[in-house]
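Trainee: Once you've had a glance at the structure underneath, I'll fire off some questions.
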Amino acid sequence: MEFFDKIGDFFVNWFSEFKREFILNFVTGEKWRWIIDGLKNTLIITFFALILGVVIGVVVAAVRSTYDKNRESFRRRGGAGAFFMGALNFVCNLYLTVIRGTPVVVQLMIMYFIIMTNTTNGVLVAVIAFGINSGAYVAEIFRSGIMSIDGGQFEAGRSLGFNYFQTMRHIIVPQAFKTVLPTLCNEFIVLLKETSVAGYVGVVELTKAGDQIRGRTFSAFMPLIAVALIYLAMVIVLTALVRRLERRLRRSER
Amino acid sequence: MNADGSLIEVKGLCKYYNGEAIKALDGVDLEIRAGEVVVVIGPSGSGKSTLLRSLNLLELPTRGCILFDGRDISEKHVNINLHRRKMGMVFQHFNLFPHMSVIDNMTLAPEKLLKMPKAQAREYAMGLLERVGLADRAENYPSQLSGGQKQRVAIVRALCMKPQVMLFDEPTSALDPEMVGEVLDVMKSLAAEGMTMVVVTHEMGFAREVASRVIFMDGGRILEQGSPQDIFDKPENPRLREFLSKVL
Ligand SMILES: Nc1ncnc2c1ncn2[C@@H]1O[C@H](COP(=O)(O)OP(=O)(O)O)[C@@H](O)[C@H]1O
Ligand SMILES: [Mg+2]
């Protein structure tokens, strides 16, 4: 009997301790709002960086695959157009190399402390830095999608009389988009987690918010675990959505 | 068509890869008249595909030129897209668009390029499908068709652009034997209607029956050409004799 009392006491104590910690970290001074505000920033940065990333990615992928597929005819025709495409392709390659060869935190800090020094809007800087970063990965995803389409598709389009861009638009891109959609969604999940370093340039996003609570209450467990659980919940939901999307795409693949 | 009746003229055509290391075509001269059915034969790697693909500039010539309807289309300022519309092409592996139904495969180019109204494009396509016995397959997707059906769709897809010439690159080589006949039948009826055709094939029976001229290629050159009787019954070139002894 005594044994069970002890266990009971243990849980009662543990629970009251938990409650005390919870109140200390989230309720006192409405610190749960910090978490909500941080989450809001995380979502804003992720969403707009994602849009910027897709725009950059599409453009860079278009330049790179256009150059690859038409290299021979550019060389043959020569002139300013060919030179311009060559230069554009070079710039895109440089962009991909630099962005994928350096850590995103460093890019973020360079953007904030060196390039965009006359803005105090950290969220804006973060959107731009993460967008530029994500654009490089999205570009390669799109390009690999385009390259994965059988060359015969391209030739069939051209042999009917479609020009390069019409062939891309009507025949290649719709097929490529379908094949890369799941990979693209995974890239967005990665981006969501990567924004956790935005605190380096003074943006209070989800992670930083948790950290600020920790700094105030000197209690690490509650705020950090809460932050982790929120990321985890978002990622699990998004992953489940991607899975469903994948299944649907596979089913429509007749 | 030219005054002398030639629709396609190939002059001194060379196609080299890796500098001059690989000579896929090494000086080809060829004239194709409207209404002719030219069958190209030769061992694997002899340059048959390269020649065919050069005719509509899917391969750009290293040297030489290609005249279509009297115009040099290999000249670098020519808009090749306009000429390709008039040259239908059929591939060994069909190359149907897998994300579109049969009917959409067929009407895409007429609608987008010839600006044909949708209803008219569909009607024309349905007529062609009926002729090849696939009218009931219009709404199917390519993956729901057999190889022979796919190739028949590929042929009528090219015909939807009302081309002046049809180019076939081994159209039956990827088919199971029992499906070869249905595709060859479509090609025969096309020939009977007077379509100008250039056909790369290993179907010697088809060549004998349908060809107005047979061309034998080896090493990137045309080594012999003539009527099917000449080529199959009294071959002169030793390489041609050797080739025929293997395939016949
Ligand atoms: N893109 C290419 N790069 C290098 N060599 C090629 C290329 N395309 C074709 N060839 C070579 O050119 C020759 C002729 O090829 P092809 O025209 O396909 O022959 P065929 O159709 O008669 O079998 C072959 O030796 C082939 O290896
Ligand atoms: Mg071939």
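Each reported figure results from applying straightforward, stated rules to the coordinates on display, with no laboratory input. This structure is a prediction, so every number in the text was calculated from the model and none was measured. Neighbour counts run over all protein chains shown; Cβ positions are idealised from the backbone, glycine included.
Trainee: Mind listing whichever residues of segment B:93-130 are out of contact with any His (no Cβ under 8 Å at 6 or more places or on another chain), within 12 Å of another protein chain (Cβ to nearest Cβ) and of a type outside the set (A, V, I, L, M)?
Mentor: Within segment B:93-130, B:H93, B:F94, B:N95, B:F97, B:P98, B:H99, B:S101, B:D104, B:N105, B:T107, B:P110, B:E111 meet the criteria.
Trainee: A further question follows. Take the residues in segment B:61-92 that are touching a Cys at 6+ places or on another chain (Cβ under 6 Å) and in contact (Cβ under 8 Å) with a residue 24 or more places away in the chain; name whichever of them is farthest from the other protein chains (Cβ to nearest Cβ).
Mentor: B:G64
Trainee: Now for a different question. Would you mind telling me which numbered condition in (1) away from chain B (no Cβ under 14 Å); (2) loosely packed, with under 13 Cβ neighbours inside 10 Å A:I213 fails?
Mentor: Result: A:I213 fails condition (2) only.
Trainee: Does B:F68 satisfy being touching a Lys or Arg at 6+ places or on another chain (Cβ under 7 Å), crowded, with 21+ Cβ neighbours inside 10 Å and among the aromatic types (F, W, Y)?
Mentor: No, not satisfied.
Trainee: Okay, next question. Does B:L175 fit the bill of being aliphatic (A, V, I, L, M), in a loop (DSSP other than H, G, I, E, B) and within 16 Å of ligand 2 (Cβ to nearest atom)?
Mentor: For B:L175, the condition - aliphatic (A, V, I, L, M), in a loop (DSSP other than H, G, I, E, B) and within 16 Å of ligand 2 (Cβ to nearest atom) - is met.
Trainee: Still on this structure, I have one more. If you take the residues of segment B:191-235 that are free of Cβ contacts under 8 Å to residues at least 60 places away in the same chain and charged (D, E, K, R), which of them is nearest to ligand 2 (Cβ to nearest atom)?
Mentor: B:E203
Table: residues versus (1) within 30 Å of B:L223 (Cα to Cα); (2) among the charged types (D, E, K, R); (3) within 16 Å of ligand 2 (Cβ to nearest atom).
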residue: B:V38; (1), (2), (3): yes, no, yes
residue: B:G47; (1), (2), (3): yes, no, yes
residue: B:L51; (1), (2), (3): yes, no, yes
residue: B:L67; (1), (2), (3): yes, no, no
residue: B:K86; (1), (2), (3): yes, yes, no
residue: B:Y124; (1), (2), (3): no, no, no
residue: B:R137; (1), (2), (3): no, yes, no
residue: B:Q144; (1), (2), (3): no, no, no
residue: B:Q149; (1), (2), (3): no, no, no
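Trainee: Assuming B:G133 fulfils every condition listed in (1) in a helix (DSSP H, G or I); (2) away from every other protein chain (no Cβ under 12 Å); (3) more than 18 Å from the chain's Cα centre (by Cα) apart from one, which condition is it?
Mentor: Checking B:G133 against (1) in a helix (DSSP H, G or I); (2) away from every other protein chain (no Cβ under 12 Å); (3) more than 18 Å from the chain's Cα centre (by Cα), the one that fails is (1).
Trainee: From (1) surrounded by fewer than 18 Cβ atoms within 10 Å (Cβ to Cβ); (2) within 14 Å of another protein chain (Cβ to nearest Cβ); (3) within 16 Å of ligand 2 (Cβ to nearest atom); (4) not aliphatic (A, V, I, L, M), pick out the condition that doesn't hold for B:N56.
Mentor: Only one criterion is unmet by B:N56, namely (1).
Trainee: For the structure I just gave you, tell me whether B:M161 is more than 16 Å from ligand 1 (Cβ to nearest atom) and in contact with a Pro (Cβ under 7 Å, 6 or more places away or on another chain).
Mentor: Taking the combined requirement at face value, the residue satisfies it.
Trainee: Would you point out the residue of segment B:1-29, among those that are of a type in the set (A, V, I, L, M, F, W, C) and either in a helix (DSSP H, G or I) or crowded, with 21+ Cβ neighbours inside 10 Å (or both), that is farthest from ligand 2 (Cβ to nearest atom)?
Mentor: B:L7
Yes/no matrix, rows are residues, columns are (1) under 21 Å from A:R64 (Cα atoms); (2) touching a residue at least 40 places away in the same chain (Cβ under 8 Å):
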residue: A:G86; (1), (2): yes, no
residue: A:Y112; (1), (2): no, yes
residue: A:T120; (1), (2): no, no
residue: A:G152; (1), (2): yes, no
residue: A:S159; (1), (2): no, no
residue: A:V173; (1), (2): yes, no
residue: A:K178; (1), (2): yes, yes
residue: A:L181; (1), (2): yes, yes
residue: A:L184; (1), (2): yes, yes
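Trainee: Which members of segment A:126-173 meet the condition of being of a type in the set (S, T, Y) and surrounded by 22 or more Cβ atoms within 10 Å (Cβ to Cβ)? Explain how you work it out, then say what you get.
Mentor: First, the residues of segment A:126-173 that are of a type in the set (S, T, Y): A:134, A:137, A:144, A:148, A:159, A:164, A:167.
Within segment A:126-173, A:S134, A:S159, A:T167 qualify.
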